[in-house]
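Q: I'd like to ask you about the structure that follows.
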Amino acid sequence: ADFDAKKKRKVAKIYQALNSDPIDVATLRRMAISEGGLLTDEIRCKVWPKLLSVNTDDLPPLPAGKELREDSKDYQQVLLDVRRSLRRFPPGMPDDQREGLQEELIDIILHVLKRNPQLHYYQGYHDIVVTFLLVVGDRLATALVEKLSTHHLRDFMDSTMDNTKHILNYLMPIIDQVNPEVHDFMQSAEVGTIFALSWLITWFGHVLSDFRHVVRLYDFFLACHPLMPIYFAAVIVLHREQEVLDCECDMASVHHLLSQIPQDLPYESLISKAGDLFVQFPPSELAKEAAQAAQVERTAASTFKDFELASVQQRPDTVLRQRFRERLRGEERLRGEERTKSILTKPRTNRFVKLAVMGLTVALGAAALAMVKSALEWAPKFQLQIFP
């Protein structure tokens, strides 16, 4: 009963924010982040457009699918991906209804790509689009996805993977700030960050089997800074600290463990934790470490290909690992010297002082506000123009 009362209060607050003039977007963001998110799809249809500042009074009609398909260089790939997306539709949905939605899904994707030739389709994009289609229907989904693709997802839609890799490079510095032991273990295992790639580029839509959890995360991500999904990825790894440390310390084992995402995660507490970490260690502060991680990542990424080939052919990969180690040893030496320098100049206690000052756990209200602010003036503009 207490839960129902809380839910009722939240619904009332959301509608009050929607009906105020001008619309109270800050409150809507806070509601989307706080426990339970936006609660129902009916509310999401009203709030998601506000979070993305999309005007719903003026939605363009969808073009006929036939011309779109004939003109598009991506049609074949999109068709393949959408056909494979059966498990993204509610179990028990009649086939003809699902097939109708899959056709709509293809049209939405091709429409957005046609209108924005600077965007490049990537595998996994359809996992994001289908979430919007199922929640808000095709016309509104098209408008929301187009806005999202030119903002939050912009980096994933470049012609190269460079910016996506750059975002993945924030993962280890976040983990290092919270749990140096897990960070160092993962570095020793040389696991890299590829395991989190599909989480990041599908906003976890591809890896979580329960649709309710997916839309709850979308509430959160839509209300926050574009880098929030990488903070959430870090929080999942940190949540699994014990499993990670109990794992064999080698690339194959740790990669395998981490890429199998548990389905019973405590979503609400992880969302709250990701919000806290964002406030404590905003992207602008991690930019330097992320750029350094990129240096190391280059080695790891080029070796990952060899590693995949080796494991596919079931060959012992000792030769490969030896090669990798030699290459890493040189870098380790340099990094070791760097590290000693930075440990001497910047003791870890700083961090705890800072946490104490901020209050050990930042209330999510504050987190939401900080995100709204920092979303405007964020990140390493001086170093890498991440968003145009």
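The values are calculated or read from the model by the stated rules, or taken from the named source; none is laboratory data. Predicted, not measured: the structure shown is a model, and the values here were computed from it. Quick reminder, even Gly has a Cβ in these numbers, built from the backbone with ideal geometry, and neighbours come from all protein chains shown. SASA here: full protein model, heavy atoms, side chains in, ligands and nucleic acids out. Shrake-Rupley method; radii C 1.70, N 1.55, O 1.52, S 1.80 Å.
Q: So how strong a dipole does the stretch 161-313 carry about its Cα centre when Lys and Arg Cβ are +1 and Asp and Glu Cβ are -1, to the nearest 20 debye? All intermediate terms of the calculation are to be shown ahead of the outcome.
A: Numbers: 8 positive and 20 negative charges, 108 e Å.
Here the stretch 161-313 has a charge dipole of around 520 debye.
Q: Further question: Rg and Dmax of the stretch 215-300 over Cα atoms: what are they, in angstrom?
A: 14.4, 38
Q: Just the Cα atoms of the stretch 1-155: what Rg and Dmax do they give in Å?
A: 17.2, 55
Q: Accessible area per residue for the stretch 161-313 in Å², computed with a 1.4 Å probe and the full protein assembly in place, what is it? Intermediate values should be presented prior to the final figure.
A: On the way: 5240 Å² over 153 residues.
Value for the stretch 161-313: 34 Å² per residue.
Q: On the full set of protein chains, 1.4 Å probe, figure out the accessible area of residue 161 and give it in Å² to the nearest 10.
A: 90
Q: Keeping all protein chains in the complex and leaving out DNA, RNA and ligands, what accessible area do you get for residue 30 with a 1.4 Å probe, in Å² to the nearest 10?
A: 80
Q: Just want the answer: with Cβ charges of +1 for Lys and Arg and -1 for Asp and Glu, which residue in 32, 120, 62 is farthest toward the dipole's positive end in the stretch 1-155?
A: After comparing all options, I get 32.
Q: So, one more: If you wrap the stretch 161-313's Cα atoms in a convex hull and average its projection over all directions, what's the area in nm²? It would help to have the intermediate numbers written out before the result.
A: Values: hull surface 35.0 nm².
It is 8.8 nm².
Q: Sort 231, 75 from largest to smallest accessible area, using a 1.4 Å probe on the heavy atoms of the protein chains. Each step should come with its number before you reach the end.
A: On the way: 231 0, 75 45 Å².
Accessible-area ranking of 231, 75, largest first: 75, 231.
Q: Please arrange 146, 35 by accessible surface area, largest first, computed with a 1.4 Å probe and ligands excluded.
A: Values: 146 30, 35 115 Å².
Order by accessible area, largest first: 35, 146.
Q: Please report, in Å, the Rg and the Dmax of the stretch 98-212, where both are computed over Cα atoms only.
A: According to the Cα coordinates of the stretch 98-212, Rg and Dmax are 16.5, 50 Å.
Q: Going from most exposed to least, what order do 85, 188, 34 have by accessible area with a 1.4 Å probe?
A: On the way: 85 5, 188 70, 34 30 Å².
Accessible-area ranking of 85, 188, 34, largest first: 188, 34, 85.
Q: Separate question: Under 11 Å from the Cβ of residue 116, count the other residues' Cβ atoms, weight Lys and Arg +1, Asp and Glu -1, and hand me the total.
A: Values: positive: 114, 115, 147, 154; negative: 146.
For residues surrounding residue 116, the net value is +3.
Q: Would you mind putting 45-54, 120-129 in packing order, based on average other-beta-carbon counts within 10 Å, highest first?
A: Values: 45-54: 19.0, 120-129: 20.8.
Ranked by mean Cβ neighbours within 10 Å, highest first: 120-129, 45-54.
Q: Using only protein heavy atoms and a 1.4 Å probe, report how much of residue 160 is accessible, in Å² to the nearest 10.
A: 70
Q: Now a separate question. Below 23 Å Cα-Cα, how many Lys pairs turn up in the stretch 8-116? Only count pairs eight or more apart in sequence, or on different chains, if you could.
A: Values: 8/46; 8/50; 10/46; 10/50; 13/46; 13/50; 66/114; 73/114.
Here the count comes out as 8.
Q: Evaluate Rg over Rh across the stretch 49-107, taking Cα atoms for both radii and Kirkwood's formula for Rh.
A: Numbers: Rg = 14.2 Å, Rh = 13.6 Å.
Rounded to two decimals, Rg over Rh is 1.05.
Q: With every protein chain left in place, what is the accessible area per residue of the stretch 1-155 in square angstrom, probe 1.4 Å?
A: Working: 7880 Å² over 155 residues.
About 51 Å² of surface per residue is accessible.
Q: For the stretch 1-155, with all protein chains present and a 1.4 Å probe, just round the carbon and sulfur fraction of the accessible area to a whole percent.
A: On the way: 4010 of 7880 Å².
About 51 percent, which is the carbon plus sulfur part of the accessible surface.
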